[in-house]
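Asker: Can you read through this structure? Questions will come right after.
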Amino acid sequence: MTEMLRLRARTRMIWSGDTLLMQLGTHNLRLSGFAEAQVAALHELRAGSSPDRVRESPWMSALLDGGFLETVAHPSDDPDLARFDRLLNYLSELESAEVNRFDLLARLRGSSVLLVGLGGMASWVTYNLLCCAIGRFTLLDGDVVEASNLNRSILYTEQDIGRPKVLAAADRMRAFAPRTEIRAVQAYVTGPDDLRDLARESDLVIGMADQPPWLIKEWVAAAALATGRPFVQASGGRVGPFHTTSGTACTICDWTHQTDRQPRYGELLRRQGMLPRGNSGALSPVGAITSGVVCLEVVRYLLGMEPTTANRIWEFRGDLSSGYSDCPPHPRCGLCGNDEPRSVTPAASLAQR
Ligand SMILES: [Zn+2]
């Protein structure tokens, strides 16, 4: 590890002749008489190289006093620092006195997520999370790759047809981001018990499976709630509510609000469950857009920010508009509510069959 001085990435530099105005937030610094060699030194400082020579520059004390420089421990043999250079610049916007961009990157690289369901949206989610430096994944799905997946599941190729999705996905992810830790679990979920241990071993759970309808969402929510893990579920252009473990709404709060509005919702689900399973339409760009929202929410949360879908649902509509609707905690939610009688959950509703 070598210690370096780097120019903070948010620094703006405005030239006028041989005068340079540097801006960082509300700080301004005017440096006059800049020669070519000094400009080169400044570029090196921005890149974080040749600190000794640059340290001798006469304007260094002005930069230090103005807070334009940061000291960073730079593990120079870490190939991911080059890979995530632009992400680091983005993270520099979120720096504070306590954490710098490398701390924030380490937080993302150290985070583990459980992905339940590896269909079309999960393909985009996976690539997005790899691009955002998430370092540890558990993949859970029982399906094999089918030709009909390839209109939206960009993780897979025609050579993968017939292979378990989790294995094909793990191969593709390792090829894209070799230093990522990936655990592939090929299994169908039959209840919350199948998910509890996997949830416990992860920092966050992302539910993207849609079969069996609502049941799988209840199982994901139940397992995450039982293990105290935050979770977000998404399907069909809909994201949330993001459960943050601090009393925000869960997926079954959403279900309960829907049954309040439509008391026969449970019965409709029951009837739907008795019908032969059809194949719904799926358009890749919708999954791509929705996955972007999921990943922004996950990354925001892991960096310590409140997700925008806590107690809300984000929805993408067919006319290319999008928006939020409120989804507060439901006091009679069958999973997280405190009021009695608790509302009937999807699983309990189906058990009435
Ligand atoms: Zn709830």
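None of the figures in this text is laboratory data; all of them are computed from the coordinates on show. Because the structure is predicted, anything quoted here is derived from the model rather than measured. A quick note on method: Cβ atoms are made from the backbone with ideal geometry, for glycine too, and the neighbour counts reach across all protein chains shown.
Asker: Given a 10 angstrom Cα cut-off, can you work out which residue in Phe231, Phe242, Phe102 is the most mobile in a GNM of the chain?
Answerer: Phe102
Asker: With no solvent and one point on each alpha carbon, what is the Debye value of log10 I(q)/I(0) for the chain at q = 0.06, 0.10, 0.13, 0.14 Å⁻¹?
Answerer: -0.30, -0.70, -1.00, -1.11
Asker: Additional query: For the stretch 191-343, compute Rh as the Kirkwood radius over C-alpha pairs and then the Stokes-Einstein diffusion coefficient at 20 °C and 1.002 mPa s; write the answer in µm²/s, rounded to an integer. Each step should come with its number before you reach the end.
Answerer: Values: Rh = 16.0 Å.
In µm²/s, the coefficient is 134.
Asker: May I pose another question? Among Val116, Val293, Val39, which one moves the most in a GNM of the chain with springs linking Cα atoms closer than 10 Å?
Answerer: Val39
Asker: Ok, one more. Could you tell me which residue out of Trp214, Asn100, Tyr301 lies farthest along the dipole of the chain toward its positive end? Charges go on the beta carbon: Lys and Arg +1, Asp and Glu -1, centred on the Cα centre.
Answerer: Checked the options; the winner is Trp214.
Asker: When Lys and Arg each count +1 and Asp and Glu each count -1, what net charge do the other residues less than 11 Å away from Glu95, Cβ to Cβ, add up to?
Answerer: -1
Asker: Same structure again: Run a plain Debye calculation on the stretch 105-172 (Cα atoms as equal point scatterers, no solvent) and give log10 I(q)/I(0) at q = 0.17, 0.22 Å⁻¹, rounded to two decimals, same order as the q list.
Answerer: The calculated log intensity ratios at q = 0.17, 0.22 Å⁻¹ are -0.56, -0.87.
Asker: Per DSSP H run of at least 4 residues, take -39500 (n - 2.57); add these up for the chain, divide by its residues and hand me the 222 nm value, nearest 500 deg cm²/dmol.
Answerer: Working: 14 runs with 135 residues, N = 353.
So the calculated ellipticity at 222 nm is -11000 deg cm²/dmol.
Asker: Taking the Cα centre of the stretch 195-279 as origin and charging only Cβ (+1 Lys, Arg; -1 Asp, Glu), how large is the dipole, in debye to the nearest 20?
Answerer: In debye, rounded to 20, the stretch 195-279 gives about 280.
Asker: A further question on this structure: Nearest 20 debye, what's the magnitude of the dipole of the chain about its Cα centre given +1 on Lys and Arg Cβ and -1 on Asp and Glu Cβ?
Answerer: 740 debye
Asker: Here's a follow-up. Taking the Cβ of Thr345 as the centre, find all other residues whose Cβ is under 13 Å away and add up their charges (Lys, Arg: +1; Asp, Glu: -1).
Answerer: +2
Asker: Sticking with this structure for a sec: GNM, the chain, Cα, under 10 Å: largest mean-square fluctuation among Ala221, Ala40, Ala199?
Answerer: Ala40
Asker: First select every other residue whose beta carbon is under 11 angstrom from the beta carbon of Asn311; then total the charges, Lys and Arg +1, Asp and Glu -1.
Answerer: On the way: positive: Arg312; negative: Asp254, Glu306, Asp326.
Within the 11 Å Cβ shell, the charges total -2.
Asker: Using the crude model of +1 on Lys and Arg Cβ and -1 on Asp and Glu Cβ, and no other charge, please compute the dipole size for the stretch 207-338 relative to its Cα centre, in debye to 20.
Answerer: My answer is approximately 280 debye.
Asker: In nm, give the distance between the simple-model label positions of Arg174 and Arg300, each being 7 Å from the Cα along the Cα-to-Cβ direction.
Answerer: Each label point is offset 7 Å from its Cα along the Cβ direction, giving 3.5 nm.
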